[in-house]
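To start, the structure under review is shown below, and the notes come after it.
Quick note: the coordinates plus some simple rules give every number you see, no bench work behind them. Keep in mind the model is a prediction, meaning the values are calculated, not measured. Note that each Cβ is placed from the backbone with ideal geometry, even for glycine, and that neighbours are counted across all protein chains shown.
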Amino acid sequence: VQNGMRVTCRKEGIHPEWHEKAQVICNGEVVMETSGTQESYNVDLWSGNHPFYRGNSGTVVTDEGRVNKFKSRFAGLTLGTVVGTQEDEEEK
């Protein structure tokens, strides 16, 4: 800030409008303020209601269908045998 005016080094007419006080809204309630290119941001989750940030990591639902599909697809696989290198063969 110089003499009460903000100095910016950007090209005119190509940047979106910047809002210094953009509201973040979750479930119809203003949960925080930030700055950004929109006047308000409507979100489903934020750190105040996400189970991970609240310490309830056990309540996150996983897709059991995908997990079971993965387990059934790779259930019969083994690691196999270790194959020696050419140097190992030369030492014998």
Exercise. What length, rounded to one decimal in nm, is gained on full extension from Lys11 through to Asn68, with 0.36 nm per residue of separation minus their alpha-carbon distance?
Worked result: 15.2 nm
For this session: Count the net charge of all other residues whose Cβ sits under 14 Å from the Cβ of Glu20, scoring Lys and Arg as +1 and Asp and Glu as -1.
Result: -1
